[in-house]
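Heads up, the thing below is written out as structure tokens.
The values are calculated or read from the model by the stated rules, or taken from the named source; none is laboratory data. All figures in this text were calculated on a predicted structure; none of them were measured in a lab. The accessibility values were calculated without ligands, DNA or RNA, using every heavy atom of the protein model including side chains. Shrake-Rupley method; radii C 1.70, N 1.55, O 1.52, S 1.80 Å.
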Amino acid sequence: MGNLPNNVIPYDVFSLSLAEVYYRAAEILKANELLTIMMHQASDELEYYFKLSSALMHRYEYEINLNLGILNYIAETARNFGQTAIADQCQADFESKLQYYSTHIYQNLEP
């Protein structure tokens, strides 16, 4: 993604809409690259938060929910534009992380 590389301008939740623009402009590879990078980024951030102690975890509940939402959005967007490989991979990652969060962490969060 030459004009907006992630290492210069890091992708965030607002970058997700670019994928739809790329898909609609028939720039499938750019859209797929953006979604794949963001999928790995959200997944890596969740892994980081899940490794924190319970005492720290509650401070990052917003970020955890945001990254879960990003994974879900990526899966939906990819599926809507016929990119089933990305959609399936992201959906599986979303479901496993959501399951882990709801069974191992969510019940133990104390404000």
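The table for this structure:
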item: Full-extension gain in nm, Phe50 to Ser17, via 0.36 nm per residue minus C-alpha separation; result: 9.2 nm
item: Relative compactness, the chain, computed as alpha-carbon Rg over 2.2 N^0.38 Å; result: 1.13
item: Å² of accessible area per residue within the chain, as computed with a 1.4 Å probe and no ligands counted; result: 60
